[in-house]
Amino acid sequence: MKKNSNKYPVKTDINLAIREKKQNKLSTTIPTFIILVIAIAIFSKFAVINRLEQASEAENSATVAQQQLETLKEYTNNYPKVLEEYNALLASKSSLNVVATPMERLGLVERYLISASQVNSFDVVDDVITAQISGVTLNQISTIYANLMSDPLIDNVQVYTASTNDKNNSLTTATMTIQLLVDDSLAIDDTSSSAE
């Protein structure tokens with residue numbers, strides 16, 4: 001019998017070499033870190049800081065608008081009293097020599113105001129009709145004004161206030177004072193007859 005002539009290698013030592021990890025070089029780490037910091041700063045600027053600035057500006061605008069509203073309310077808080085005093089003054093100075101009869105005065109309100117707008121209130125004192133109307137645009141108020149001024153029984157018309165209630169439809173509320181025509185010759189006749 002023949003012996004197997006194949007020879008196998010025999011290892012007589014052990015390889016104890018350790019594969020070392022690559023060390024991060026500063027030349028690649030620092031630029032990466034800087035790019036990361038810049039990206040975080042840009043994100044913070046646009047996503048956080050700008051939003052906070054916009055919110056702050058909106059809050060400041062709202063505060064200014066609220067202050068203006070309070071000032072306006074304070075400035076006009078005695079308007080009803082002044083209007084009442086004005087009407088009382090007109091009533092005391094007005095004569096009873098109004099050309100329009102009481103029914104004609106009510107007819108003026110119906111013809112020019114009730115038919116063209118929503119009349120919230122009206123007051124007829126001698127030769128003055130004061131009315132608050134709503135549900136009309138500024139153009140419609142102008143038309144009502146022109147129609148009133150064309151009537152021979154009316155001497156003058158004044159629009160005291162106009163305020164926007166509904167931005168979508170631009171509807172307004174207005175207070176109008178209508179001065180009726182007075183026959184001054186009758187007042188002179190009354191004075192001369194009372195002097196006699």
- Message: When you scan region 171-185, do you find a residue that is closer than 29 Å to L72 by Cα, open to solvent by less than 80 Å² (accessible area, probe 1.4 Å) and at pLDDT below 85, even just one?
- Response: yes
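In region 109-124, which residue that is farther than 15 Å from Q158 by Cβ and of a type in the set (A, V, I, L, M, F, W, C) is farthest from the chain's Cα centre (by Cα)?
So the residue we want is V124.
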- Item | Matching option when the condition is modelled with pLDDT under 90 and crowded, with 20+ Cβ neighbours inside 10 Å, among D123, D127 | D127
- Some residue of region 50-68 being part of a helix (DSSP H, G or I), open to solvent by less than 80 Å² (accessible area, probe 1.4 Å) and modelled with pLDDT under 80: yes
- Note on the structure: Of the residues in region 112-126 that are out of contact with any Ser or Thr (no Cβ under 6 Å at 6 or more places or on another chain) and outside any helix (DSSP H, G or I), the one that is farthest from S142 (Cα to Cα) is V125
- Just one of (1) closer than 19 Å to I129 by Cβ; (2) at pLDDT below 90 trips up V157, so point out which. (2)
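The values are calculated or read from the model by the stated rules, or taken from the named source; none is laboratory data. Just so you know, these numbers come straight off a predicted model, no measurement behind them. All Cβ positions, even for glycine, are placed from backbone atoms using ideal geometry, and neighbour counts span all protein chains on display. When the accessible area is computed, the model is the full protein with side chains, heavy atoms only, and any ligands, DNA or RNA have been set aside. Shrake-Rupley method; radii C 1.70, N 1.55, O 1.52, S 1.80 Å.
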